[in-house]
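*Asks:* Dropping a structure here in structure tokens format, bear with me for questions.
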Amino acid sequence: MLITEYFQVLESDVQECPYILESTLVKDQRSLYIGFIEGKITFINDSSLYFIEFVNVMTGINIYKYSYHYQDSKENLIFRYDMAPHHSNIKTYPHHKHIQDNLVVESIQPSLSLVLNEIEDMITR
């Protein structure tokens, strides 16, 4: 897979989400296989997702860095997935999820698609 193909997959994930009001994606191709993508997605309830991925797709999808920060219309954190190495007590270290009230919980490394599905579930509840 080429990085441009990976970017297209993420763009398709965004386009297929029926609850998105608007989105901005910025792609930075560093080589045929390595790239950086960041975006802001606004949903129909005025909540927002800010995300970044630094990824190498030469031999599978190897994400070097990610953050998926979801907040409500008043900019209050709903959740954030990231892999910043500052919660070494978490079993899934460095992967973790921040949730409301400053709690940090175990987490697998999510994909943008998984995060969008989680947000869709929250919006439709």
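The values are calculated or read from the model by the stated rules, or taken from the named source; none is laboratory data. Because the structure is a prediction, the values reported are computed rather than measured. As a convention, Cβ positions derive from the backbone with ideal geometry for all residues, glycine included, and neighbour counts pool all protein chains shown. Surface accessibility is based on the protein's heavy atoms, side chains included, excluding ligands, DNA and RNA. Shrake-Rupley method; radii C 1.70, N 1.55, O 1.52, S 1.80 Å.
*Asks:* Which value, in Å² rounded to 10, gives the accessible area of Met83 with a 1.4 Å probe and all protein chains present?
*Replies:* Here the residue's solvent-accessible area equals roughly 40 Å².
*Asks:* Between beta-carbons, use under 14 Å as the cut-off and find the net charge around Pro94, counting Lys and Arg +1, Asp and Glu -1.
*Replies:* Summing Lys/Arg as +1 and Asp/Glu as -1 gives +2.
*Asks:* Next up: Sum up the lysine pairs in the chain that clear both bars: alpha-carbon distance under 21 Å and a spacing of 8 or more or different chains.
*Replies:* Close lysine pairs under the 21 Å cut-off: 8.
*Asks:* Can you list residues whose amide H is under 5 Å from Tyr33's amide H, if they're 5+ apart or on another chain and H is modeled 1.01 Å from N?
*Replies:* Hits under the 5 Å cutoff: Ile3.
*Asks:* Given a 1.4 Å probe, how much area per residue of the chain is accessible, in Å²?
*Replies:* 58 Å²
*Asks:* Explain nothing, just compute: Karplus ³J(HN,Hα) = 6.51 cos²θ - 1.76 cosθ + 1.60, θ = phi - 60°, for every residue of the stretch 7-24 in order, whole Hz, x for Gly and Pro.
*Replies:* Result, rounded to whole Hz: 4, 5, 4, 5, 4, 5, 4, 5, 5, 7, 7, x, 9, 8, 7, 7, 8, 10.
*Asks:* Right, something else. What are the ³J(HN,Hα) couplings of the stretch 39-45, residue after residue, when phi is run through the Karplus curve with 6.51, -1.76, 1.60 and θ = phi - 60°? Round to Hz, x for glycine and proline.
*Replies:* Per-residue couplings from phi come out as x, 10, 10, 10, 9, 5, 9 Hz.
*Asks:* Here's something else I'd like to know. Give me a comma-separated list of calculated 3J(HN,Hα) values for the stretch 27-37, in order, Karplus coefficients 6.51, -1.76, 1.60 applied at θ = phi - 60°, integers in Hz, x for any Gly or Pro.
*Replies:* Karplus-based 3J(HN,Hα) across the stretch 27-37 equals 10, 10, 7, 8, 7, 4, 10, 10, x, 10, 9 Hz.
*Asks:* Taking Cα pairs under 8 Å and at least six residues apart, what relative contact order does the chain come out at, in percent?
*Replies:* 16 percent
*Asks:* Under 13 Å from the Cβ of Met83, count the other residues' Cβ atoms, weight Lys and Arg +1, Asp and Glu -1, and hand me the total.
*Replies:* Around Met83, the charge tally is 0.
*Asks:* Taking 1 over the mean of 1/r across every pair of different Cα atoms in the chain, what Kirkwood radius in Å do you get?
*Replies:* 15.1 Å
*Asks:* Using a ≥ b ≥ c from the Cα gyration tensor of the stretch 28-78 (square roots of the eigenvalues), is it rounded, prolate or oblate, where a/c under 1.5 gives rounded and otherwise the larger of a/b and b/c decides, a/b for prolate?
*Replies:* Verdict is prolate for the stretch 28-78.
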